[in-house]
Structures are given as structure tokens and as C-alpha cells.
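The block underneath contains the structure these notes are about, expressed in C-alpha cells.
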Amino acid sequence: MSNRRLYFLAGILALIALLIFGYKAALLGFPLRPHEQAPAWELEVRVGFQASGEPVRLSLRLPSGGNGYEIADEQFVSGGYGVNTRSKAGNRAVVWSSRHPEGEQFLYYRARVRPGAPAQTERDTTAPVLESPDFEGARQAAAVALVEEVRGRSADAETLVTELLRLSRVPAEHGHVAALYGHDPTLVERLHTTVEVLTAAGVGARVVHGVRLQSLARHAGLQHWLEVFDRGTWRAFDPHSGVPGIPEEYLPWWYGDLPLAQLRGGQHLHTKIALIGTPEPALRTAAWRERRFEGGWAKLSLLDLPVETRAVYMVLLTVPVGVFLLVIARNLIGIKTFGTFMPVLIALAFRETQLLWGLVLFSLLVALGLAVRFYLDRLKLLLVPRLAAVLIVVILLMLSMSLVSQQLGLHRALSVALFPMVILAMTIERMTVVWEERGAREALQQGFGSLMVATFAYGVMNIDLVEHLVFVFPELLLLILAATLLLGRYTGYRLSELARFRAFGGRA
Amino acid sequence: MSTRLFQRLRHAGVMGINRRNADFTLVYNTRRLYPLVDDKYRTKQLAQAAGIAVPTLYAKVEIERQVRDLADALQPYHDFVVKPARGSGGDGIVIVESRNRSGFRKLGGALLRLDELQHHVHNILSGVFSLGGQPDIALIEYRVKPDPVFAAVNFQGVPDVRIVVFLGVPVMAMVRLPTRTSEGRANLHQGALGVGIDLGSGATTGGVWRNRPVTEHPDTGESLAGIVIPHWEELLELAARCYELTGLGYQGVDFVLDIERGPLMLELNARPGLNIQLANGVGLLHRLERVRAETDVERVPVAERVRRARAWFGGVQSAT
């Protein structure tokens, strides 16, 4: 009998499981460990101004992510103002408008900043439109000369930008630079001029304004840097050192020479940016990414289920792990248990009662149940009424144990109610038959075997990591299925058979 | 529990439960045919139709109402056996040796009142002893008087002979001897003794008791080896015929030897073959492979199959 078809099926299942698992773990960044935290920030911009009853129009640039960050959960807090967001030339902005505001006005923009998924950080590749800069007279000549000079000392766009930024740092020391930049330019002025010079040199460039993400900043200052379009994509340059690249905690906000906020119809405009780091469960970040990434696919995520349903699956999904262990215990080791899946159900109950209490309560229940069952035996009842009677007795026993433990203050013992009572009743019945037909030894052996497997299953099913893995990556169940299928064709000896057949051991 | 033992078992061709289920019962025994052997009543009918002798059925109890009339039904019989039609592993069998005014006397001497017997029958009907707990019927049948050939190595019960048949070829046999611990029952897990039989000569070899090799009966102290089973050729042929009878490729056939009626087929088993290896001190796998290697084995006549079995598997010395 060929097992090729089985190996093929198991292989396919394992492959699918690993592919989905790898995709989710590596590309969507689903956490491999429980309780993992992912960084995130709350961003708040407060815009205040003085209104005097005239129509007001206030526009505020909005971040749209970049440098590995994404913006989520945007909120606009603005009572009585019309709100609309618009996108123009790579910049997003919100426009607040109101007809007759009076007095001090405060408008808020709030958003969450999260690191994007590794697979999602797209680069901006829109090519710039080069417009000839509006240099005049001497500035024009200085620009041409400066470009000539810098170009002579550089090999490519990157070194050209670096050299230009270096020279512009101390404009006074260089004639052309001083003529272009003025004697003591601010960083923003300097960057704007640099953009113009680069444009004159035929290199697309833009000024970027952003913030540095930090754990707490009540008044986060704006940062400014340069981006140059080079080899098909925009590259950031540090304005101080001139080298390519900006620190990874910089969040780009908007581009160009417009200010953060613009006001028409009011006075005393002032803005305040506040930032607070609020790490969140990595799972939530990953789920959010998944939802953004591919609409239809994400609908299949367990993380979107209602909380109670999720709680149920959190437990249910560990059952296959327990069942798999049971297969190993029975078919590989050869432990005898009562009922095929009884140990797994007991293990589930142990989750609520904790192991020690679970063992004590279970043994107590079965022992008392057996005593009652042996008594019922004398009454010569027929099977179904007898089973029903045992079930009722089991429930009564559970109730009285709960009541007694409540009196004693043993609150753990209250969870006895979570034992699967039907399974218990069947176990008691089966145990009596085995007890009578095969002796107490066999009955106790099977009872002990069941408890041992239950304990083992509980131990594994209760590991945080296992619970987390099967819940976050349910596709791993396909892997367990594949392994179970393979075990289904395990035709070797069970460990217990080595003992059973040890008489053959003497043979050479 | 060493890997060396593991390798030795492999080398000896010992078949484990996983192997038996995966490569033999699942492959050669069609699920559909199981009821033929799992229900002893149907097996009995089948055997009788084919002219194979079985213990006479005195009565069968199918519904609870009939239990009340049990006393009347049992009136003509001095001794009998009550068994569930679908019992497994000998569970639920009561052997009544004699009766008196107050009730019945079980094998071994314990007394059983009529109401106790009736309750036992009720239990049988409600499926306490049946596979999967389905409702069952109770059979009351002739109590076999064992052939005296085993008198010296038997403790109070009826020894039975099991022959494992693969594709119509007997591959291994043993005799199961009741002991004091098994309370007269012939099931190994209940403490009966398993003694291997040489297929060629029909003579017993060594035995096994509670998974340990033994050479003497634990209760009588008599040597187990060298007892020649009477009607051996006939037993082998009957066993081989059971393949055509049920269509099960891999089965165990249980016989008892009655002092008056000779070999009687007791029951068939669709999942045999683990303990018999211990009793013989020989693994089954090599023999099963030998039969499987023959392409025509299912088409040759019974007598030829038995001849081949005796030639192939006879004269093997037990290793234990």
C-alpha cells in the first residue's frame, strides 16, 4: 500500500500552512510572541487664533506618512466648523471654515502614527516637475557659478547635494554662496535656496517638514530636511551633515514652502504639536495593517470577530493541539484512556480550574461518582436510566462541592462546574464496567492514563506561546492536520508494545 | 524500552497494533463485513448454513419483555452459557455449570439467583458489553464439555483454539487455557494462558502468561509443550473456509473442542493477532508477507491452502 498520496496531501497542507504563516509573520509583521508591543504615537495639533466675526478659513497641512510610518485614526475636533480635507501636489491639508466665529478659537487634529509593515513601505517615485527658479541678476550669475563649481567637485547627484549642503552651512565664507543665501539664513531659508540652486542644476529637490517621534513632547518642534529626486526615487538628506538619510524617528509631514497652517479672516494664529508615545499590542498593529493591505483577505482575520467569539476561539483553537498530543499518547506511546477525547475535554476544564485543583476535583468527583454507581448497581437498574441517574448525581456532586468550597473560602474549587459532566458520567459508567470485568487495576490504570494525558495536554495547551500562535496563525492547524494525517499511517510499534512484547527481546 | 528491543521486534517480524490496523484490518477487512463477525448470532447462522458446527443455540433474548420468561426458556437446560451477541473481549459472558432450586451455579462455584441473571441479561440488552454501547441481544447456548486432551492444563474452563487466517491461509494458531486468575475465561487479558501451536504437527509449543513466557501451567504445574491438538487437519480446514464464509481477508477463528461433538466454531474476530505472537514466540509479519507474496492463494482449494500453510509455517521452533 503506497503512502505517496498521503505524503503529497500532508506536504501540500504543510506548505500552505507555512506560506500563510510566513506571509503573516514576515510581511505583515504579526507578532510571534504573545504580549509583544509595537511602538505607536498619538499626535495632536492644536491650532488657535483670534476670530473677529468675519468668515474664517484655516488650512492645516496633514501628515500622510512616509519614512516607514503610517497615519491612522485621524480625528478633527472643531465644533461649528466645516471640515474638508484635500490633496494637492503630494500634500494633504484640512480646511476648516466658519462664517461668523468670534473670540478665541481652538481647533484640533489628532492622529495615530504607527510603523508601517515591512512590505508596505512604498517609496514615493513621482518625478518632480522642474520649473526654472526665479533668480535675477547677480543671484542668477551666482547660482550658475555655484552650480558649476559644485558640479566640478562631485560625481553624481548625491555628492552634488552633499557638497552644496556643506557649502551653504557657512555662507559667509564663500562668495557665491553668500550672494545666494544671504549672510545668516535660517534652516528653512537655506533649504529653500538649496532647492532652487538644485533646480537650476537640473536636479529635482524639495524641502520636507516633519517632526521627530519621541515618547513625550508637549511642544514638538518642526524638523526640516531636504529630499532630492535621484535615480527614480526621492532621497532624504540631512541638512546639517549633508549626508543622505535622515534618522528613522523622523516623520515627514508636508513638502514645499508653505507654512504648517494658514489663516484667512482671523488673527494671532499659533499652532502647537504634541506627541506622546503609546505602545500598543503588536497584534493590533498587525491586524490594522492587514485590514489596510488587502480588503477582502483581511475579512478572514480572527481579529475582526466580536470579543466573545474571539474568546471562544482562543480556547477552541488549542483543542487541535490537545487532540494531536492525544494521538501521540495513544498511538505512539500506547497510553490507555477512557474515551477517545475525554482527556482533552478534561484538559480544557483544567484551564479554568488550574491544574492542581482540577486534578483534585476531578479525582474526587470520579471517586464519589464511582461509589454512587456501585451502589446503584445493587438496584439492578437498566442502562439508560442508570446513566441518567449517574449524570444527575454527578451534577449534584458538583453543586455540593461548589457549596462546600464556597463555605471554606476555596474559590478555585467553585470552577468544578466547568467539568464536562456528560463526559464524567460516561467515564464513571465505563470505569465501573472495566472495574467489574477486568479488575480494579485495569480501571485505575486507565483512569490514571486519562489524567496523565489530560495533564500533559493541559500543560501544552496552556503555554502562552502555543495559545498565541494558534490564535494569531490559525493556519498552523493545517500543519497539525498534516502531522496527524502522517501519524494516521504510523505502523511502527507503540512504546507500550515494547513492554508487551519484551519476551521477544531475548532473541538474537 | 531500548532501541535494540525495537530493532529485535522488527527483525522478528512482530506486528504491533498500529501495523495490524493500518496494513491489515483496514486494507483486507471491508467495514461492511464487520457485522458478520461482530454479531455472534449472525456468525452462528452463517456457519450453520455452511455446515460448520457451532454450539447449539438454546434461546435468544431480544427484547426486555422476554427477560421475564427467562426461567421458562431455561427450564430444559441443566447448564448453559449466556453471552452478549456483540460482546468484545469475553466481557459479559456467564457460564452456568449447574442449577438447583434457589438458582444457578456459575463456573467456579458462585451462586446466581434468577433475578441476578435477569439483570445481567437486561444489561446485555441495553448494550453495556457491546462495542460502542449499542443495544444488543443475549444468546443462551450449549455449554461446551471440553475435550480431555487439555484436562491437565486447564483450570475450570473451556480452552479454545484460535487460528489466524490471512487470505484463506492459516498463518498462526494458539490454544488459550483458562487459569484461576481468568476465572475460567479464555481471554488472555483476563489472565488466561496462551500456548503456541505448531501449524505443521498441531502440537503445542511454549506459552505465555501475563506477557511472560512460561513452560508450565501456573495453576496445575503441568508442562504446556507437546500436547497434540485432536482434529488438527479439520480445524485448519474449517478455519481456512471461514475466509469464503465472511470475505474478511484477515481474521481470527476461535474453536472449542467438545468431547462429544468435536470441533465447534465459537466466534470470528476481525482484529486478531497481537497476543498470538507472544504465545508462539514468533512474529506474524513474515508469515503474512509470505502469503501476500502468492498471487493465486485465494483461488486454490481449501485443502491445498492448508497443505501450504503446514508446509510453510510448520516445524518452527518457538524461540521463547
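Just so you know, all these numbers are worked out from the coordinates, no wet-lab data involved. Computed from a predicted structure; not experimentally measured. Reconstructed Cβ throughout: ideal geometry from the backbone, glycine too, with neighbour counts over all protein chains shown.
Could you pull out the pairs from B:44/B:106; B:60/B:106; A:336/B:60 whose alpha carbons sit more than 29 Å apart here? Among B:44/B:106; B:60/B:106; A:336/B:60, the Cα-Cα distance tops 29 Å for A:336/B:60. Starting from one equal scatterer on each C-alpha and no solvent at all, send me the Debye-based log10 I(q)/I(0) for the stretch A:452-508 at q = 0.28, 0.29 Å⁻¹, two decimals. Values returned for q = 0.28, 0.29 Å⁻¹ are -1.08, -1.09. From the square roots a ≥ b ≥ c of the eigenvalues of the alpha-carbon gyration tensor of the stretch B:119-187, which class results: rounded (a/c under 1.5), prolate (a/b over b/c), or oblate? Taking the square roots of the gyration eigenvalues as a ≥ b ≥ c, the stretch B:119-187 is oblate. Dividing the summed -39500 (n - 2.57) terms of all DSSP H runs of n ≥ 4 by the residue count of the protein assembly as shown sets its mean residue ellipticity at 222 nm at -12000 deg cm²/dmol.
Here the protein assembly as shown is assigned +1 on the Cβ of each Lys and Arg and -1 on the Cβ of each Asp and Glu. Its dipole about the Cα centre then comes out at about 2260 debye. Shielding by partners for peptide A:491-499, expressed as the average number of C-beta atoms from other protein chains within 10 Å of each residue's C-beta, is 6. Computed on the Cα atoms alone, the convex hull of chain B gives a volume of 133 cubic angstrom per residue.
Fewest-first ordering of B:175, A:422, B:81 by other beta carbons within 10 Å of each residue's beta carbon gives A:422, B:81, B:175. Value of Rg to Rh for chain A, rounded to two decimals, is 1.21; Kirkwood radius and Rg both from alpha-carbon coordinates. Around the amide H of residue B:205, modelled in the peptide plane, lie the amide H atoms of B:196, B:197, B:198, B:226, all under 5 Å away and 5 or more residues distant in sequence or on another chain. Apply the a/c threshold of 1.5 to the C-alpha gyration tensor of the stretch A:350-469 and tell me whether it is rounded, prolate or oblate. Oblate is the answer for the stretch A:350-469, as a/c is 1.5 or above yet b/c matches or exceeds a/b. The local environment of residue A:109, defined by Cβ-Cβ distances under 13 Å, has a net charge of +2 under the rule Lys, Arg +1 and Asp, Glu -1.
For chain B, the residue among B:158, B:209, B:178 whose Cα projects farthest onto the positive side of the dipole built from Cβ charges is B:209.
Using only Cα atoms, locate the centre of the stretch A:1-63 and the centre of the stretch A:196-245, then give the distance between them in Å, rounded to an integer. The stretch A:1-63 and the stretch A:196-245 have Cα centres separated by 27 Å. Along the axis of the charge dipole computed for the protein assembly as shown (Cβ charges of +1 for Lys and Arg, -1 for Asp and Glu, origin at the Cα centre), the listed residues A:81, A:115, A:137 are led at the positive end by A:115.
Could you state the angle between the C-alpha long axis of helix A:187-200 and the longest principal axis of the C-alpha atoms of chain A, as a value from 0 to 90 degrees rounded to the nearest 10? So the inclination is approximately 80 degrees.
Its Cα centre serving as origin, chain B has a Cβ charge dipole (Lys and Arg +1, Asp and Glu -1) of approximately 780 debye. Only one residue of A:499, A:407, A:448 has its Cα farthest out toward the positive end of the dipole of the stretch A:399-508, where Lys and Arg carry +1 and Asp and Glu -1 on Cβ, and that residue is A:499.
For the stretch B:106-202, the set of GluC sites (Glu not before Pro) satisfying both a DSSP loop assignment and a count of at most 11 other C-beta atoms within 10 Å is empty. Taken one residue at a time, the phi angles of the stretch A:361-370 give Karplus couplings (6.51, -1.76, 1.60, θ = phi - 60°) of 5, 5, 4, 4, 4, 5, 4, 5, x, 5 Hz. Gly and Pro are set to x. Dividing the Cα radius of gyration of the stretch A:154-213 by 2.2 N^0.38 Å, with N the residue count, gives 1.13. The charge dipole of the stretch B:148-297, taken about its Cα centre with unit charges on the Cβ atoms of Lys, Arg (+1), Asp and Glu (-1) only, comes to about 520 debye.
For the stretch A:156-161, putting each phi into the Karplus relation 6.51 cos²θ - 1.76 cosθ + 1.60 with θ = phi - 60° gives couplings of 8, 4, 4, 5, 4, 5 Hz, in residue order, rounded to whole numbers and with x for Gly and Pro.
May I ask for the angle, rounded to the nearest 10°, between helix A:4-22 and the longest principal axis of chain A, with both axes built from Cα atoms and the value confined to 0 to 90°? Compared with the principal axis, the helix lies near 40 degrees. Sequence-ordered 3J(HN,Hα) estimates for the stretch A:325-330 from the Karplus curve with 6.51, -1.76 and 1.60 and θ = phi - 60° stand at 4, 5, 4, 4, 4, 7 Hz, glycine and proline given as x.
Close amide H pairs (under 5 Å, H built 1.01 Å from N) link residue A:77 with A:108, A:109, A:110, residues at least 5 positions away or on another chain. For A:33, B:307, the sequence from fewest to most other C-beta atoms within 10 Å is A:33, B:307.
For chain A, the longest principal axis of the alpha carbon atoms and the long axis of helix A:383-408 meet at an angle near 60°.
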